[in-house]
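Structure first, then comments.
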Amino acid sequence: MRSWPASEVPSLSDAGLPAATRPLSLHDTGTGTARPTSPDGTARMYVCGITPYDATHLGHANTYLSFDLVNRVWQDLGLRVHYVQNATDVDDPLLERARDTGEDWRALADREIQLFRDDMTALRVLPPDQYIGAVEAIPLIIEMIEKLRGRDAAYEVGGDVYFPIASDPAFGQVSRLSREEMAPLFADRGGDPDRPGKRDPLDALLWMAKRPGEPGWESPFGEGRPGWHVECSAISIEYLGMAFDVEGGGSDLAFPHHEMGASHAQVATGERPHAHAYVHACMVGLDGEKMSKSRGNLVFVSKLREAGVDPMAIRMALLAHHYRSDWEWTPAALDEANARLGRWRAAAARPSGPPAAPLAAAVRDRLAGDLDAPGALAAFDAWAAAAGTDEAAPAQARAIADALLGVAL
Ligand SMILES: Nc1ncnc2c1ncn2[C@@H]1O[C@H](COS(=O)(=O)NC(=O)[C@@H](N)CS)[C@@H](O)[C@H]1O
Ligand SMILES: [Zn+2]
C-alpha cells in the first residue's frame, strides 16, 4: 500500500552544527527501564498502524508523533532508519462499523487510510518505508500460521485456528503482567477468554473461519480471515526480520497485542527476541476518558485543519506532553501552542540570535533521554527569548526545530 510524502529532513551538520553523539534511550516495557537503543548501522522500527475508521484522532496522532521523534533522532545520529507500519484494513471493529453505516468495508478502509495519510503529511510525520495492509499481507500471514502449525503451535476450535500460549515459555515477558491482570485486558481488547473448547482462555485467534456476510480468503485451513496479532508478527518479520530495534504503539497495545505478536513470532521462528525494545506511548483523553472510537469522545486532526488550525500548532500541542504520561486534550492546549509557535517563528526570523550550537546540544540531550520533548521545547523557548548577535543562528534554529522536532517555522 502507498504510504505518504516525506518532508525533507535537514542535516544539522550541513547547517554548520556539530554532530550528535548521545545514543537514544527509550523506556522498554519488556524490562521496565529506559535503555539505549543500539542499532547496528540501520535502525529498524515497526509501529502498529491504524484500524482505518475514525482516523485520525489526536490519540492516534500523539502516538505516531512519538515514533516520528524516534525516527528523527536516529537520523540525526547518522543512522539509516528502516521503518515499517501496517494498516489493519480487515478486522472485527472495521467490519462492524461498515455494517452499522451500511458502507462497503473496503471503501470505508480506503477513505479512512487516505485521511490518515493526509493528516500525517500535514503533521510532517515521516512515512514508513513499507506501509502494509492486513489484506495484502494475507499470504504472509498464512505462511506464518503454517509455520506455527508445523511446530504444533496452532489448534482448531469450531473451524477457527488458535495459538496456544503454552507453546511459548517466555509468554508474558513483554507486558510483565500476571495472568490475573491479563484476563480482563484480553477480554477488553478483542480476546475471547470464555469461548468453550480453547486449551487456555488466553489463547489468541490466528485465523477465523468465514462468517456469513463477511469477507473470506482461501487458506490451507479453510476460507476465512486473519486474527489481529499474527498480522503484525508476519509483516514485521517479513520486512525487518527478527530482533529489530523497536516495536511501537500506544500503551493499550502492550497486552495482548505486542505480547501475543512477539510470542507468535518467537515460536514460529524459534528465535528470540522479536524486538529488542517494546515502546508504548501514553493515552490521550478527553472529558476524563481515553479518546476512543467506542466512547466517541474524539477530536480529529482533519476537523482542526478544516477549521484553519495550523498543523504545526497541533504538532506543538502534542509535543508539549511527555510521550509516556497520559494527558487530557483541552482547547487551551491549542492556544498555548499557537502562541509558542508565534514566538519561535518571530525569533527564527530575526537577523541574528544567541549561538545555536548550545540549542542543538540541549534539544538533542533532552530527546536522547527517553524523548523528553517538553524539555526540548523549553530549551527552544529559552533560545527564542534571549537576544544574540550570531547571524547564522536563526537559520540554524529553524533547522533544529525541523530536523529534530519536525516543526516547520
Ligand atoms: N486515545 C489514544 N491515545 C493515544 N494513542 C491511542 C489512543 N487510541 C488509540 N491509540 C493508538 O493509536 C494506534 C492505532 O490504534 S487503532 O487505530 O486502534 N489500531 C490498532 O491499534 C491496530 N491497527 C494496531 S495493529 C495504536 O498504537 C493505539 O495504541
Ligand atoms: Zn499491530
Reference-scaled alpha-carbon Rg (2.2 N^0.38 Å with N residues) for region 38-85 = 1.29
Given Cβ charges of +1 for Lys and Arg and -1 for Asp and Glu, the option among PRO351, ALA281, GLN266 whose Cα lies farthest towards the positive end of the dipole of the chain is PRO351
Cleavage-rule hits, GluC sites (Glu not before Pro), region 196-243, DSSP coil, Cβ neighbours within 10 Å at most 15 = GLU218, GLU223
Here, ALA361 and ALA34, labelled 7 Å along Cα→Cβ, have an inter-label distance in nm of 1.9
Gyration tensor on Cα atoms of region 250-389, a ≥ b ≥ c root eigenvalues, a/c under 1.5 rounded, else prolate if a/b beats b/c, else oblate, says oblate
Which of TYR53, TYR278, TYR155 moves the most in a Gaussian network model of the chain with Cα springs under 10 Å?
-> TYR155
With R₀ set to 25 angstrom, the calculated FRET efficiency between the beta-carbons of GLU180 and ASP100, to the nearest 0.05, is 0.15
Mind pulling the per residue volume of the convex hull built on the Cα atoms of the chain? Å³ is fine.
-> 130
What's the exposure ranking of ASP390, ASP402, ASP100, ASP89, going from fewest to most Cβ atoms within 10 Å?
-> ASP100, ASP390, ASP402, ASP89
Distance in nm between pseudo-label sites at ALA346 and ARG151 (7 Å out along the Cβ direction from Cα) | 6.0
Which order do ILE235, ILE314 fall in if you start with the one that has the fewest other Cβ atoms within 10 Å?
-> ILE314, ILE235
Measure nothing but the geometry: give the 0 to 90° angle between the long axis through the Cα atoms of 105-122 and the longest principal axis through the Cα atoms of the chain, rounded to 10°.
-> 20
Kindly put PHE221, PHE255 in sequence by how many other C-beta atoms sit within 10 Å of each C-beta, fewest to most.
-> PHE221, PHE255
Would you kindly work out the equivalent ellipsoid of region 318-405 from its C-alpha gyration tensor and give its semi-axes, the square roots of five times the eigenvalues, largest first in whole Å?
-> 24, 16, 8
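Only the coordinates and a few stated rules stand behind these numbers; no lab work does. Keep in mind it's a predicted model, so treat the numbers as computed, not measured. Cβ atoms come from the backbone with ideal geometry, glycine included; neighbour counts cover every protein chain shown.
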